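Read through the structure below, which is laid out as structure tokens, and then see the notes.
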Amino acid sequence: MSALKIKKGSSKHSAYNLRPNFSDVTETHTIAVLVENEPGVLARVIGLFSGRGYNIESLTVAEVDHQGHLSRITIVTKGTPQVIEQIKAQLGRIVPVRDVHDLTVEGPSVERELALLKVSGAGDKRVEALRLADIFRAQVVDSTLESFVFQLTGTPDKIDAFADLMRPLGLREIARTGVAALARGA
């Protein structure tokens, strides 16, 4: 026998296995789920995630067809490709679920989120907050002598960047809607 035997159960990170195992890579996916708007559906969808230890990064729900009583649930989650496929398959098996789409893999999509940010400050910090809000196209929706409330719409990364810049200027509170997403094109 050869002296270069590889032991069973040896480490995946040996010098002989330099390629990354892509099944271990965690990815972020946006999943759109069309459901019948009836009591308990959201609880069942959320139960699927919590029962298996999957995390939800963002969740939005709204009725999108009043006559058909259909709601759209948009979920942003992270997982390996196998976990994402398992989530989609299990969502599709829930009875009131009509349709499941992984917007991340189905092609280009548009994602937006709304945030309200309360920033308090005086003097130069107040002026700088207004200047940055203008650059980010945030709107002032409330103003007092001590604070502003900004409204910002954009990608989650844009909102994160704005919040990071507002922290040293007096960010006191933030409320976010979660991601709403649609596939582009026909």
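A few comments on the model shown:
- You will find that of Arg172, Arg126, the residue that is farther than 22 Å from Asn55 by Cα and exposed (fewer than 15 other Cβ atoms within 10 Å of the Cβ) is Arg172 and no other.
- For Ile75, the requirement of being in contact with a strand residue (DSSP E or B) (Cβ under 6 Å, 6 or more places away or on another chain), touching a residue at least 12 places away in the same chain (Cβ under 8 Å) and crowded, with 19+ Cβ neighbours inside 10 Å is met.
- Qualifying residue in segment 117-128 (condition: without any contact (Cβ under 8 Å) to a residue 12 or more places away in the chain, in the same structural domain as Gly47 (by TED's automatic domain parsing) and of a type outside the set (D, E, K, R)): no
- Looking only at segment 110-138, residues that are of a type outside the set (Phe, Trp, Tyr) and either touching a Leu at 6+ places or on another chain (Cβ under 7 Å) or within 28 Å of Ile75 (Cβ to Cβ) (or both) come to 17 in all.
- Selection from segment 78-99 of residues that are surrounded by 17 or more Cβ atoms within 10 Å (Cβ to Cβ) and either assigned by TED's automatic domain parsing to the domain that holds Val179 or of a type in the set (S, T, N, Q) (or both): Gln90
- Among the residues listed as Val105, Val100, Val149, Val119, the single one being in contact with a Gly (Cβ under 7 Å, 6 or more places away or on another chain) and within 22 Å of Ser58 (Cβ to Cβ): Val100
The values are calculated or read from the model by the stated rules, or taken from the named source; none is laboratory data. Keep in mind that this is a model prediction, so the values were computed, not measured. Positions of Cβ are generated from backbone atoms using ideal geometry, with glycine treated the same way; all protein chains shown enter the neighbour counts.
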